[in-house]
Structures are given as C-alpha cells and as structure tokens.
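Accompanying notes for the structure given below.
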Amino acid sequence: MITSMKKHRAEEHEAFLEELLKDKEKIIAAIKNSPSVIRKQQEAIEQLSKLKPPFPWDKDRREEAV
Amino acid sequence: MNKDTYPFRTIIDDFVYLFVSEGIHGIIDKGVLIEAIPEDKRYWFKSCYNLGLGDVTISENGWKLDDSVRSGNGDMPKIIATVARIAMDFLTKPPNSTLSFQGYLGSKSARQGKNHRNILYQRAINSNWEALSAEFSFWGVNAGQIEEYVVGKVYDQIFVKYR
C-alpha cells in the first residue's frame, strides 16, 4: 500500500516536472532573469568585493598547480 | 549524506535544478540556479558560483524564481537536504569550482538579525559534518572575514569546494 502510494507520488512529481520542462528554454531564461536571481548575483558580487584576496580556495588551487 | 531528499531534474548545461516539494500546502515547484559570479579583474573571482533557491512561480510576466516566498510546506529539512545534494552534485562537475551560498534575508530575519535560511543550511552542514568535510572544504564569512568553517559558529555566507 505504502509502496504504491510512493510510486503514485513519484509519478505525480515527474508529471509536474515534465509539464514545467515542456518549454525548457523559456523556463531557463525566465529563471535566470528573475528579479530575485539578479539581486542575489549582485549581492554575491558585492559580498565578494568586500573580502580580501587571496581567497583560501585559491590557495588550494595554487597547491594543486605546484 | 543520508538524509531524505526529493528527486531532482537537472538542466545540466545551465545548472538549473528542479524538484517538487510536497507538504501541508500540497505540491510546490522549487528551483535551484547555480550561476558563475562574473570575474572581476581586481578581485579575481575565479570559478566562483552562487547558489539561489526559490519557488518556481508563474506571474503575469511569465515564470520566475522567487526566493522571498515562505511556503511553509512543513518540509524545510527535506528541501535543505535536497539543496545540499544538488550542491554536492554540482561541485563534482566544473573543475576547481567554489560555491557560495547565502540564504534569503527577509524582513523578519533582518529584524531579528538572523538569516534563518543560513541557519538551516548550517544545521544541515553541521549535522553531516563528518561525511561532508571528508569530501568538501568549507569556509564561512563573519563580519567580512573568511575563515575555515567551524561547526556551531554562525556565518553570513558560506563557501564550499570539492576537495
């Protein structure tokens, strides 16, 4: 019983995602141009600009390059 | 990480991930977008990506990703675990990439001086620290200073990279 309910839910989820992905390019463009995404990118740039380089993850990269 | 997560679909070339949340308010489409932070010659944000989570909603202007929605679907731990799984999936792909994430700071969070989504992200990291830290390096930002991630400490922003 529980297994068949889970299966039914999984199918429902899949149907929702399929519906959403029908117009994939449009969805991607819309998501990328969402005001919240643009704001978040801007915030990320500002936050990173406030931090002093070198960043610790760059140190990891330098060590890998040696 | 052995937490319960939602299955997700990936639009791989664009790093768009979609999944469906199911809870007390029914079914809600969720999206995660991981975008490269544009490089700045002064600061050299090389291979640094930003993660955004939100509801995929339709408005009169079409589809959008809205991170300000508090859906209250009663499944936040599962959503956060799914986002963590997505982040892990992403970090194994572009070589040497670093992922930055910071939860949406709504007016309620701002009033309380707490970023509730960051707290949830950190809870997920802290409760799976042993497994996650074996595979990933974490850093936290506190008052403009980056440091190696310390379990239990609250950060404004978190960075993670595949070891």
field: Failed condition for A:Pro54, given (1) at pLDDT 75 or above; (2) assigned to a helix (DSSP H, G or I)
entry: (2)
- request: Would you confirm whether any residue within segment B:100-118 is within 14 Å of chain A (Cβ to nearest Cβ), modelled with pLDDT of 85 or more, open to solvent by less than 20 Å² (accessible area, probe 1.4 Å) and under 25 Å from B:Ser47 (Cα atoms)?
  value: yes
- request: Being modelled with pLDDT of 90 or more and open to solvent by 20 Å² or more (accessible area, probe 1.4 Å) narrows it down to one of B:Ile86, B:Ile58, B:Ile24, so name that one.
  value: B:Ile24
statement: Matching residues in segment B:1-33 (of a type in the set (Lys, Arg) and touching a residue at least 12 places away in the same chain (Cβ under 8 Å)) number 2
message: Pull out all pairs, ordered by first then second residue, where Cβ-Cβ is under 8 Å, the residues are six or more apart or on different chains, the first lies in segment A:7-28 and is of a type in the set (Val, Ile, Thr), and the second is surrounded by 12 or more Cβ atoms within 10 Å (Cβ to Cβ).
response: A:Ile27/A:Leu20; A:Ile27/A:Leu21; A:Ile27/B:Val16; A:Ile27/B:Val56; A:Ile27/B:Trp63; A:Ile28/B:Ile11; A:Ile28/B:Asp14; A:Ile28/B:Val16
field: Residue in segment B:130-138 that is polar (S, T, N, Q), assigned to a helix (DSSP H, G or I), at pLDDT 85 or above and at negative phi present
entry: yes
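Test A:Gln47 against the stated conditions and say whether it is within 7 Å of another protein chain (Cβ to nearest Cβ), open to solvent by 40 Å² or more (accessible area, probe 1.4 Å) and at pLDDT 75 or above.
In short, yes.
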query: Which of the residues belonging to segment B:148-163 are open to solvent by less than 70 Å² (accessible area, probe 1.4 Å) and either assigned to a strand (DSSP E or B) or facing another protein chain (nearest Cβ under 8 Å) (or both)?
result: B:Gln157, B:Ile158, B:Phe159, B:Val160, B:Lys161
- request: Take B:Asp14 and decide whether it is facing chain A (nearest Cβ under 7 Å), open to solvent by 40 Å² or more (accessible area, probe 1.4 Å) and either at pLDDT below 90 or in contact with a strand residue (DSSP E or B) (Cβ under 9 Å, 6 or more places away or on another chain) (or both).
  value: yes
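The values are calculated or read from the model by the stated rules, or taken from the named source; none is laboratory data. As the structure is a prediction and not an experimental result, all values here were calculated from the model. All Cβ positions, glycine included, derive from the backbone under ideal geometry; neighbour counts span all protein chains shown. Just the protein is used for accessible areas: all its heavy atoms, side chains included, with ligands, DNA and RNA removed. Shrake-Rupley method; radii C 1.70, N 1.55, O 1.52, S 1.80 Å.
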